[in-house]
Each structure stands twice: as C-alpha cells, then as structure tokens.
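Trainee: Please read through the structure below; I'll follow up with questions.
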Amino acid sequence: MTGSEEETVIKMEVDKVMEEEEDDEEDENVNDLVELLDDASEEEEELVAQKILRDERIGIKALQVKERALYALTRAYCRTGKHELIVSENILSNQQYYFSHTTKAKIAKVVRAILDIVSTLCKDRLDVQADICKSVIAWCRAEKRTFLRQRVEAKLAQVLYERHEYQPALKLIDALLLELKKLDDKQLLVELHLVESKLHHALRAVPKAKAALTASRTCANAIYVAPALQATIDTMSGILHCEERDYNTAHSYFLEAFEQLDTTLDDRERAMPCLKYMMLCRILDSLSKALKLSAQGGVGAKSNKAEVDISGMISGKQGVKYAGEDIEAMSAIAAAASRRSLMEYEQVTEKYSHELYDDMLIKHHLLFLKEQLLESNLIRIMEPYSCVELSHIATLMEMPQTIVEKKLSQMILDGKLNGILDQGKGQLIVYEDSDKDMAMDKGLQVIGNMDNVITSLFARSRALRTMMA
C-alpha cells in the first residue's frame, strides 16, 4: 500500500468517526424535541408539532421525532376541523425538506399512516377523506410515486363506495386493475377485487359481484391474507349466498367471519353485523322451511309453528357481550316471524328502523320477509273459503283493501294462488287444487317423440338417395 493510499484510508476513518460523533451529539440534542412533544397538551399539540417540523436537524432520531410530529399535527387538524390543511401542511408544501432526507418507502409509510389517522378520526366525513385522497394522488403523479399512488387510489375507491358513488368508483377500479395485473401485486389485487365485488352488489349485479369475489379469492390463495381481510372476504361470500337464498351456506360463511373478528381480532364493531346476518339467515331459513317456500319463491302452503326453530340463535356468552338494541331488534323480528304476525313485524321495524334499515342487506331481506309473512297470512285466511269478499280479508289483515287486492292479483299471476278476482263484486273466488291431468302432457310427449323418429328416418332416406345417385 502506497503512502497516498494510506493517507486516504486514514482520512476516511477519521471522517467516519467525526460523523459518528456528530450523530451522537445530534442524538443528545434531540431529547428537547422529544420532551416538547411528550409534554404538549391537546391545545398546544398543533403549535408544538409545527415547531418541531421546522427544526433543521436531520439525524436518525430527529427524523423519528418529526414523523411523530407529523402524526400529531394530523390529529390536531382533525380535532379542530382544519381538514384542508392536512395535505397542504403535511405533504405538498411545507414538508419537502423533511421528505428530501427520507427514503421513498418511509414516505409511503408516513402517507398511508396519515390517511389511516384521517379515516379513524374523521370516519363520518367521507367528503374530507375523498378530497385528501385526490390531493395525495395528484402529488404522487407530480412526484412520480407510482406504487404509493396505486395504494391511495385503492383507498379512494373504498371511500367512493361508502359515499354511494358507485360508477366513479368502478371507473377508477377498472383503470387501476389494468396497471396492477401487469405488476402482479397480489395483495392490492385482493383488496381491489373485493371492493369491486361490493360495488357490483350495491348495483344489484350479483353475477358480476360473484366473479369479482372469485378473482379476489384466487389472488388470496397465492399469498398470506391477514385475518381481518379474510373475515371481509368471508362476509362478502355470505352476503352473495344470502342474495341467492342459500341461507345455510351464507350462515356458515358469516360464522367463519364472526369467529375471526370475535376471537382472533376482538373487533366488536365489525363482528356485530356478522352476528346480525347469522340471525337473519336463521330467521329466513326457518320461515322458508315452515312455509314450504322454495329458494326461488315457490307456492306457499299451510304454516305449522312447530316447524319454525329460531330459538338459541346466539349463545349466552355472545348474548352478554353483544347485548344491545341491534340484538334486540333481530330477536324481535325473529319473534314476529315465529308468530307469523305482520302487525308485530310492522311495529318492530318502526321501533328499530335505525338498526334494521341502515344495513342494505338486512333491509333488502326484511322486505322479502314481509312479503313471505303477507302471503302466508293471506293463504291462512283464505283457506276455509271458496269465495270471500276482499273487504273481509282487508279487515282481518288490518290493511287497506287496495294493498290486499294488489297482492292477491300478484299471487294469482305468480301461480301461488289458484283463483280469480271478481272486481265488480269485490270478491275472491278460490278454486280447489285438483290433480293434474297427465293425459295431455303424455300425448304431447308421444307426438314429440314421433316427430323426432320421422325426422331421423327422412334424413337417412335422403342420405341413401344421395349415395345411389
């Protein structure tokens, strides 16, 4: 080793030692920032965080303190309602000095954490969340942060779904899926297909919702899926099976999701809807069996209360943990369905309208339950009669005659009731169910088979004439 090389090595070692000493000094001087942030009250948190972020120290511990200050400033803005300053103060303008000394991965983590804070503290302000996401996306495009932009766009699609802006959300997802499929980002694909399934379900496009959910499950099979995300997938599977009137399968999916959320994650807020869905499936399945109604809405029959078993839907432990108006509402619906009481059903839905009608799935299937109860009550009232006045039926049902007449005509057209309406006399004439005469069906079947035989013989004769010619 020459003398010049030795001098270079010694100089590098000295510079390294000096840098370490400077870092140590800086680490010692950071304690004042930590104490300042820890001792700040909620009223002082905004000013203290801004002061820390203006500090010019850029050591490792200083950057960690500034990261905490960013989160504190975001929480302060959320508490005071200064939502428009979150992006401008934290990311777009004042913090370029901080971000210039931070890695891209760290910046992405900070931005996602800020969005999570806003989503938690401003849960009901979906317009604020959407505006912040759009501002971050614009900043990501300007800074060419592709991966971070894709994450934020997925978050924006979820916010748009919660705001019931379904078409803009679908348009955003379609464009984003094209990019992600090229990159093969399985984790984000799982989440995005799941949001797409929710959007199609909200638009009542169940086949498309099932296709999107299948794509999400396919991507999920190739990676590790967190319990919270797996519970969301199971919940969506249960919802789609419930839409197809397959209540037993839906109940099993809801049970899987509920156990994940209740035992593994202890997330009561997300577990409550799953428990309500489980109760809904039991109610609808028991009532369908008791009324002998098929999944597609078959012909109603005489009801037998002994066939309905809705008791024991929740265990004692769950009943204590999740006790509240939500469980009371579903239990009251179960009692009304068990007694086939349409009046009691109306009273329950009026009393617990917030708990029952705020959820789209429960609202939709409670309307189906109401139709079942109405049909079963009408069939039970009409059973002893061959001719009955509509006014008498309306009096017994305690409903307006026009609604009863409309429902009876619908049941006659759907084949659930064998009879006719005499509107001139205001009467319903019920025909007795007679055994179907199979002679006509058998005769038509024989004629169809003969036609097939003659057609086959004609084709063979034509082929023989072609060969002989």
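Trainee: Read through the list (1) open to solvent by less than 20 Å² (accessible area, probe 1.4 Å); (2) at pLDDT below 90, then give the number of the only condition that M313 fails.
Mentor: Condition (1) is where M313 drops out.
Trainee: Within region 410-441, which residues are within 50 Å of the chain's Cα centre (by Cα) and in a helix (DSSP H, G or I)?
Mentor: Q410, M411, I412, L413, D441
Trainee: A further question follows. Are there any pairs, at least 6 apart or on different chains, whose C-beta atoms fall under 9 Å, with the first in region 347-360 and within 12 Å of M330 (Cβ to Cβ) and the second aromatic (F, W, Y), and if so, which?
Mentor: Here the result reads T349/Y357; D359/Y277, each pair linking region 347-360 to a residue that is aromatic (F, W, Y).
Trainee: From the list L47, L53, L92, which residue is on the phi < 0 side of the Ramachandran plot and at pLDDT 85 or above?
Mentor: On the way: L53 fails: at pLDDT 85 or above; L92 fails: at pLDDT 85 or above.
Going through L47, L53, L92 in turn, the sole match is L47.
Trainee: If you go through region 195-240 one residue at a time, how many are without any contact (Cβ under 8 Å) to a residue 24 or more places away in the chain, assigned to a helix (DSSP H, G or I) and surrounded by fewer than 20 Cβ atoms within 10 Å (Cβ to Cβ)?
Mentor: Qualifying residue count, region 195-240: 6.
Trainee: Same structure again: Only one of these is on the phi < 0 side of the Ramachandran plot, out of contact with any strand residue (DSSP E or B) (no Cβ under 7 Å at 6 or more places or on another chain), free of Cβ contacts under 8 Å to residues at least 40 places away in the same chain and surrounded by fewer than 16 Cβ atoms within 10 Å (Cβ to Cβ): E179, E165. Name it. Lay out the reasoning, then the answer.
Mentor: Working: E165 fails: surrounded by fewer than 16 Cβ atoms within 10 Å (Cβ to Cβ).
Result: E179 is the single residue among E179, E165 that is on the phi < 0 side of the Ramachandran plot, out of contact with any strand residue (DSSP E or B) (no Cβ under 7 Å at 6 or more places or on another chain), free of Cβ contacts under 8 Å to residues at least 40 places away in the same chain and surrounded by fewer than 16 Cβ atoms within 10 Å (Cβ to Cβ).
Trainee: Checking the condition more than 20 Å from E346 (Cα to Cα) and open to solvent by 90 Å² or more (accessible area, probe 1.4 Å), which residue from E383, E398 passes?
Mentor: On the way: E398 fails: more than 20 Å from E346 (Cα to Cα).
None of the others qualify; the one that does is E383.
The values are calculated or read from the model by the stated rules, or taken from the named source; none is laboratory data. Computed from a prediction, not measured in an experiment: that's the story for all the values here. Don't worry about glycine lacking a Cβ; one is built from the backbone with ideal geometry, like all the others, and counts go over all protein chains shown. Quick note on the areas: whole protein, heavy atoms, side chains included, nothing else; ligands and nucleic acids left out. Shrake-Rupley method; radii C 1.70, N 1.55, O 1.52, S 1.80 Å.
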